[in-house]
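The next block holds one structure in the form of structure tokens; read it before the comments.
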């Protein structure tokens, strides 16, 4: 291959590589923001909406950067015979359920993070999980 051919190949390869790298999105990990354990909607807005979307359908601003698409939280009841799976949702929030997105570097397991926010008070952690779960239940499609 001639010098000119190598130069053209190198320019094309660098251009394609730069384009591919520019298209890759990255999830930024930030410190957890304290919220009221009494407000499921506030916790959802601060901890869940970035991936699951404000409406719970999985289209949050960080969703495209994830390897595993976020679950559509509005159809949990529908996919469970019309009954909201509250125990399973609470287990998923705590990190007890083996879900593809839970426990990865992309999706935090909220149980330990809620424990940190609640300074280790188990009753407050349970309150957070119950209120967040109740808010997710309120998002269910009829």
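Return the residues of region 48-76 that are over 14 Å from the mean Cα position of the chain (by Cα) and buried (at least 17 other Cβ atoms within 10 Å of the Cβ); say none if nothing qualifies. 74, 76, listed by residue number.
Check whether at least one residue in region 31-39 is outside any loop (DSSP other than H, G, I, E, B) and in contact (Cβ under 8 Å) with a residue 40 or more places away in the chain, and report yes or no.
Scanning region 31-39, I find no residue that is outside any loop (DSSP other than H, G, I, E, B) and in contact (Cβ under 8 Å) with a residue 40 or more places away in the chain, so the answer is no.
Just one of the listed residues (4, 94, 79) is within 30 Å of residue 119 (Cα to Cα) and either surrounded by fewer than 17 Cβ atoms within 10 Å (Cβ to Cβ) or modelled with pLDDT under 95 (or both), namely 94. In the set (1) within 21 Å of residue 31 (Cα to Cα); (2) surrounded by fewer than 18 Cβ atoms within 10 Å (Cβ to Cβ); (3) at pLDDT 95 or above, the condition left unmet by residue 132 is number (2).
The values are calculated or read from the model by the stated rules, or taken from the named source; none is laboratory data. The shown structure was predicted, so the numbers you read here are calculated from the model rather than taken from an experiment. In this analysis, Cβ positions are derived from the backbone assuming ideal geometry, glycine residues included, and neighbour counts consider all displayed protein chains.
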